[in-house]
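Some notes on the structure that comes next.
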Protein chains: 2
Amino acid sequence: MKVSFKMFNGRFQTRSVVHIPLAPIQIPMDAPTEQQQPAQLSSGNDREAFRQTLWNTLLRRSFYLPSFKIYGGVSGFYDYGPPGFALKNNILKFWREHFVYEEHMLEIECPSVTPEAVLKASGHVDKFTDLMVKDDKTGTCFRADHLLRDYCNDKLEKDHLTISAEQASELKNVLALLEDLSCQELGLKIKEYGITAPHTKNPLSDPYPFNLMFQTSIGPSGQSPGYMRPETAQGIFVNFRDLYYYNGKKLPFAAAQVGQAFRNEISPRQGPLRVREFTLAEIEHFVDPENKSHPKFSNVAELEFLMFPREAQLSGQSAKKICLGEAVAKGTINNETLGYFIGRVYLFLTKIGIDKNRLRFRQHLANEMAHYAADCWDAEIEASYGWIECVGIADRSAYDLQAHSEKSGVALVAEEKFAEPKEVEQLVITPVKKDLGIAFKGDHKKVVESLEAMKEQEAMAMKATLESKGEVEFYVCTLGKNVTIKKNMVSISKERTKVHQRVFTPSVIEPSFGIGRIMYCLSEHSFSTRPGKAGDEQLGLLSFSPLVAPMKCMVFPLVQNQQFEEGAKVISESLTSIRISHKIDMTGTSIGKRYARSDELGVPFAITVDSDTSVTIRERDSKDQVRVSLKEAASVLSSVAEGKMTWQDVWASFPHHSSE
Amino acid sequence: MKVSFKMFNGRFQTRSVVHIPLAPIQIPMDAPTEQQQPAQLSSGNDREAFRQTLWNTLLRRSFYLPSFKIYGGVSGFYDYGPPGFALKNNILKFWREHFVYEEHMLEIECPSVTPEAVLKASGHVDKFTDLMVKDDKTGTCFRADHLLRDYCNDKLEKDHLTISAEQASELKNVLALLEDLSCQELGLKIKEYGITAPHTKNPLSDPYPFNLMFQTSIGPSGQSPGYMRPETAQGIFVNFRDLYYYNGKKLPFAAAQVGQAFRNEISPRQGPLRVREFTLAEIEHFVDPENKSHPKFSNVAELEFLMFPREAQLSGQSAKKICLGEAVAKGTINNETLGYFIGRVYLFLTKIGIDKNRLRFRQHLANEMAHYAADCWDAEIEASYGWIECVGIADRSAYDLQAHSEKSGVALVAEEKFAEPKEVEQLVITPVKKDLGIAFKGDHKKVVESLEAMKEQEAMAMKATLESKGEVEFYVCTLGKNVTIKKNMVSISKERTKVHQRVFTPSVIEPSFGIGRIMYCLSEHSFSTRPGKAGDEQLGLLSFSPLVAPMKCMVFPLVQNQQFEEGAKVISESLTSIRISHKIDMTGTSIGKRYARSDELGVPFAITVDSDTSVTIRERDSKDQVRVSLKEAASVLSSVAEGKMTWQDVWASFPHHSSE
């Protein structure tokens, strides 16, 4: 089972929700560095309870709002409420800084509505499908692989005492092969097991492919089918020529796009992880296939983090800490540029707050990867649902550009001009048109074209046969038959000529980020509970770093009076002027309760106005407090939020009160 | 004819491309303050030439890329290339600072795919249409009003010598009334004038409404119609309850959303102004209908700018400079909150670089405005196409929340808790169920409901009749007939009771920004040409302010050598570290040509590396240069870009060279 928001692997029909981990769930190798212990997710029940507590918090605090709720909602759609949007926006802002600005990428924006021709060329129209079955009586639709998986899991769990060892092994085998089952095989299994529609128990139709794109029609005629794009990448590929020109016809360069993508899931599950509309941030790095080195690779070569190479998966080992430089040197990772991006993705995810012990880079197995891909790694983050694919980093070779070149007739290629002309040996095929015309009359043009289209090996074999036997049988596919070519009809030779440039289709290395998934996993890694003052209550805490926290600061007048409220307004104005997001909470609620509410929203700092001249700044995770003058408060906060000062520096510079 | 990206006015069928200005095109009242003269747009030919020069520049420099170009393109879709995206992103970044952060708005994000129920309630499913005619033979579709308009304009222009004064006046009359013609009237005019399909000259079908939403289907069953949202506002309205709770049940507050909107135009025209997918930035400010004052109104009250009130339009005057405070005081603008937003929109547009002399706020005429709207003003920007509606600022009263309350059955209301209970006179209707039961048997429940639903006036009239005549005829609509109500069957009175709160539907004031239109108009206002050194050539110049310029700086090694290129890299690293967007141009092209290319991209500064230790900074508009040390260059640039220093300050502090 795969969490896949991209159709990396060419086997579009086999995506489902969560990886069955090929190795046991990773146990954190280092003790967490946070002060609070993350919820230990040792058993399924614990996970479920943790997830429910977090999800309740995220809904109650409006991080997520079920879309169109007042109309009963529509599954697979979530709105981001104010703190959710701010968190997402901060993640994207840092993404842009970390990738686009740092590497001078060409960021573009294309429409979501896409005409059929583009998605026909990319393969989505024909292959971006899931297999579906219908309840014969009610017409309700289900994903065929989900039903089969649920059946097998149920059987193994509930009937494990009554089924034979043989049956159990067969069920496990089906689960392992679920992704590889064809439409027909799935149908046969469903029949064999007598699987019926959930709830109604009605019989099911045979499985058939359902295209996951939202279809629409462009213009009023009804003659121009269009789709909501399933990924943003195609917009970059079709613009390759203009972008290459914009970049002064120089390789390598990267283009980027952030935007909505759409997937009309048959039956969305698992909350915000598998939705019908989501934000992708995609990078297409175009590079000469003959030189995939990266000038900045040394900046990341010494990073060490959890990798899960193909061989380790196949031999039943678990992910291991591996040095990035070594992984590239040994060929575990195909090339430096791919390695560079893997390193940069690791830095990005850990900087926003993903726990490095619950992050692994898993290499695609040979059967997961498209035939054209050179190598492919997924950044997977461990959450209560299992290991979630959040970023895919693939070397897709020349596939996409070639596909669009062929279908559009526009050459999407790059040129390397040689400083000095190079002498190369070139195959020269010269059909003798006069003799071919006499022999083949009206067909001779097709014969000429077929002769000219021969590749080196075929042509040299023909040359040898013609020289030894004087004639040869030659299959002309446009005629659908063999013709006899005689020695006088074609000359074949290899000649040394000077060439001034090399024309080639660039390879593309594609890091593709599912922003919503990263954001949800970050919430899981940031969430914990700690006891409140009142004995048995547990208070929620979202330990977002100031870099991504939806709001940087709360401002609390200690009690409701004019003096403190004036002070709060002064603070608020100074925070606004330096663009520190914040909110004044003027309610008369006790300061403890206000702190608790603020912790649950993930706000790193609170300023309590409790005098005319000075205020208390409280740090969320440690609950420590310092006294700072009213005038200095905003600038102290800004220094910490921007990383110019640590909380320890602040602690040392101002009168402080430790929570311990 | 109206440029409208919102369906403010309830008359959805009448939108078309450009205002026929009701007053003559505004001539700038002040001399422009820029050093370069903006292209004078006195005649139609000049405008066309100006627009063509600009558009060629914007396409050549990849601000816009026609979408799906390699597949022949699809009309009504444009991609933003790298500088176009950066310009748009900078405008949005400032929009967020100027509106969302400054006012602590609640920014949210909702899906573009929207189920039918939402857009049925909003009126879009039934009324968001344009009238279309079809070529009877080819099936090609046209907007009926466009064909009629083109016919009238052609006739007036080309045949003005042969048609009678009467005919001319009739044609002008049709043009003036174009927006108000019904489907039938449009059809009759097309028949009367014998208008045929362009090019083919085939007969046309009768006009019929075409819904402008892109339709799709949610989920696999085909049973759940959905649409791509035509505006982002509905997402905010349906979330009102959660947002009100999030805001601590306090009014006023504003929510905001930036995102894609979709409109399946019948025949898109005029390049980037009328496209099928575009970015809207919308604000919904919810306010107590009984108190539309605004605490920060005094911040904008003294602003003076071009306004075009209803009366001025009707009496044939042109737009005039009016003081905002006066306009609100005199009631020209309906209320302070609406006035506050008009002022803030004025500040936003002029700060990003819109020429204040080519910007006017035009009030909707009574017949343009929906019946429910309290007042509505459009920020219109003058471009080569005429006056373009770029921002709509409407007081939509309680309409949207009420519509969704009714259709969803969820009350979208606010409460005002009184500090002390208030004594009010309330109507009390008490049906005497026993007597009604005896009289009406099975029907009595419907009679009871109808009696209870009476409004004050009707009830008091019934009371009077019962008292004078003892009985009254009463129409029960659920029964579809009159019944006789006798005095014993109901008691009606007015009683004084104490109420503790007021429950009401908030009014909404909606500033709605067409970001793509603003961006295109800004390009027009920023573009000019100036002579190059080589005699007769004219060089393009986009004078974007550092606030929005797609790139802040170009870095030029003076000539291609290692020393200067090293210097350029040092500068580049220091600019990257302080997030100043820039590009190194290492080409050996002459420095003059590189400056010209940079001017055409709108880059405000260029740093030329021409020594080991110091560099030349050139300002784009003045072409002045200063010498600054290599180390200081980045920080000087950042000070100017962030507005901490003016170019004059820089000039005074460093050795300078004036271009004059």
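In the condition set (1) surrounded by fewer than 17 Cβ atoms within 10 Å (Cβ to Cβ); (2) in contact with a strand residue (DSSP E or B) (Cβ under 9 Å, 6 or more places away or on another chain), B:Ser614 is compliant with all but (1). Listed by position, the helices (runs of 4 or more DSSP H) enclosed by the stretch B:376-478 that each have at least 3 residues that are more than 14 Å from every other protein chain (Cβ to nearest Cβ) and not aromatic (Phe, Trp, Tyr) are B:433-440, B:444-452, B:456-469.
B:Asn334 falls short of the stated requirement of being of a type outside the set (Lys, Arg), assigned to a loop (DSSP other than H, G, I, E, B), within 14 Å of another protein chain (Cβ to nearest Cβ) and at negative phi. Among residues of the stretch A:62-83 being buried (at least 23 other Cβ atoms within 10 Å of the Cβ) and assigned to a strand (DSSP E or B), the one that is farthest from the other protein chains (Cβ to nearest Cβ) is A:Tyr78.
Which condition does A:Ala301 not pass, out of (1) hydrophobic (A, V, I, L, M, F, W, C); (2) surrounded by 17 or more Cβ atoms within 10 Å (Cβ to Cβ); (3) within 21 Å of the chain's Cα centre (by Cα); (4) not in a helix (DSSP H, G or I), if it passes all the others? Going through the list (1) hydrophobic (A, V, I, L, M, F, W, C); (2) surrounded by 17 or more Cβ atoms within 10 Å (Cβ to Cβ); (3) within 21 Å of the chain's Cα centre (by Cα); (4) not in a helix (DSSP H, G or I), A:Ala301 breaks only (3).
Which of the residues that make up the stretch A:113-128 are within 12 Å of chain B (Cβ to nearest Cβ) and surrounded by 19 or more Cβ atoms within 10 Å (Cβ to Cβ)? Those that are within 12 Å of chain B (Cβ to nearest Cβ) and surrounded by 19 or more Cβ atoms within 10 Å (Cβ to Cβ): A:Val113, A:Thr114, A:Pro115, A:Ala117, A:Val118, A:Leu119, A:Ala121, A:Ser122. Selection of the stretch B:245-273 for residues being within 29 Å of A:Pro220 (Cα to Cα), within 9 Å of chain A (Cβ to nearest Cβ) and small (Gly, Ala, Ser) yields B:Gly259, B:Ser267. Could you please give the count of residues in the stretch B:299-319 that are hydroxyl-bearing (Ser, Thr, Tyr) and in contact (Cβ under 8 Å) with a residue 24 or more places away in the chain? Matching residues across the stretch B:299-319 total 1.
At positive phi and either at pLDDT below 90 or surrounded by fewer than 17 Cβ atoms within 10 Å (Cβ to Cβ) (or both) - does that describe any residue in the stretch A:582-605? The answer is no, given that none of the residues of the stretch A:582-605 is at positive phi and either at pLDDT below 90 or surrounded by fewer than 17 Cβ atoms within 10 Å (Cβ to Cβ) (or both).
Take B:Lys88 and decide whether it is at the interface with chain A (Cβ under 8 Å from one of its Cβ atoms), of a type in the set (D, E, K, R) and part of a helix (DSSP H, G or I). In short, yes.
Rundown of residues vs (1) basic (Lys, Arg); (2) over 30 Å from B:Phe418 (Cβ atoms), yes/no style:
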site: B:Ala459; (1), (2): no, no
site: B:Met462; (1), (2): no, yes
site: B:Tyr475; (1), (2): no, yes
site: B:Lys481; (1), (2): yes, yes
site: B:Ile485; (1), (2): no, yes
site: B:Val499; (1), (2): no, no
site: B:Ser512; (1), (2): no, yes
site: B:Arg530; (1), (2): yes, yes
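Within the stretch B:440-477, the set of residues being of a type in the set (Gly, Ala, Ser), out of contact with any Ser or Thr (no Cβ under 8 Å at 6 or more places or on another chain) and in contact (Cβ under 8 Å) with a residue 12 or more places away in the chain comprises B:Ala459, B:Gly470.
Do you know which residues across the stretch A:274-286 are basic (Lys, Arg) and at the interface with chain B (Cβ under 10 Å from one of its Cβ atoms)? Answer for the stretch A:274-286, where residues must be basic (Lys, Arg) and at the interface with chain B (Cβ under 10 Å from one of its Cβ atoms): just A:Arg276. If we scan the stretch B:524-531, do we find a residue that is surrounded by fewer than 19 Cβ atoms within 10 Å (Cβ to Cβ), over 28 Å from B:Ile388 (Cβ atoms) and not charged (D, E, K, R)? Yes, because at least one residue in the stretch B:524-531 is surrounded by fewer than 19 Cβ atoms within 10 Å (Cβ to Cβ), over 28 Å from B:Ile388 (Cβ atoms) and not charged (D, E, K, R). As a summary of the residue check, A:Leu243 satisfies the conditions (1) surrounded by fewer than 23 Cβ atoms within 10 Å (Cβ to Cβ); (2) in contact with a Phe, Trp or Tyr (Cβ under 6 Å, 6 or more places away or on another chain); (3) under 28 Å from A:Gly514 (Cβ atoms) except for the one numbered (2). The single residue among A:Leu188, A:Leu177 that is away from chain B (no Cβ under 13 Å), modelled with pLDDT under 90 and surrounded by fewer than 19 Cβ atoms within 10 Å (Cβ to Cβ) turns out to be A:Leu177. Scan the stretch A:359-375 for residues that are in contact with a Leu (Cβ under 9 Å, 6 or more places away or on another chain) and either assigned to a loop (DSSP other than H, G, I, E, B) or crowded, with 23+ Cβ neighbours inside 10 Å (or both) and the total you get is 6. Within the stretch A:130-153, is even one residue closer than 30 Å to A:Tyr346 by Cβ, surrounded by 18 or more Cβ atoms within 10 Å (Cβ to Cβ) and either aromatic (Phe, Trp, Tyr) or within 14 Å of another protein chain (Cβ to nearest Cβ) (or both)? No: zero hits. Considering only residues that are surrounded by 12 or more Cβ atoms within 10 Å (Cβ to Cβ) and without any contact (Cβ under 8 Å) to a residue 60 or more places away in the chain, which ones fall in the stretch B:412-437? Residues satisfying the conditions are B:Pro431, B:Val432, B:Lys433, B:Asp435, B:Leu436, B:Gly437. Residues of the stretch B:173-189 include at least one that is among the polar types (S, T, N, Q), under 20 Å from B:Ile266 (Cα atoms) and assigned to a helix (DSSP H, G or I).
Scanning the stretch A:479-491 for residues that are within 19 Å of A:Gly437 (Cβ to Cβ) and not in a strand (DSSP E or B) turns up A:Leu479, A:Lys487, A:Asn488, A:Met489.
For first residues located in the stretch B:101-112 and at the interface with chain A (Cβ under 7 Å from one of its Cβ atoms) and over 14 Å from A:Ser577 (Cβ atoms), partners that are among the polar types (S, T, N, Q) and surrounded by fewer than 21 Cβ atoms within 10 Å (Cβ to Cβ) and lie 6+ apart or on another chain with Cβ distances below 6 Å form the pairs B:Ser112/B:Gln260. Within the stretch A:204-244, the set of residues being among the aliphatic types (A, V, I, L, M), over 27 Å from the mean Cα position of the chain (by Cα) and within 9 Å of chain B (Cβ to nearest Cβ) comprises A:Ile218 only.
For the stretch A:250-289, a residue qualifies if it is at pLDDT below 95 and charged (D, E, K, R), and the qualifying residues are A:Lys250, A:Glu265, A:Arg269, A:Arg274.
The values are calculated or read from the model by the stated rules, or taken from the named source; none is laboratory data. Quick caveat, the model's predicted, so the values are computed rather than measured. FYI the Cβ positions are ideal-geometry reconstructions off the backbone, even for glycines, and counts take in every protein chain you see.
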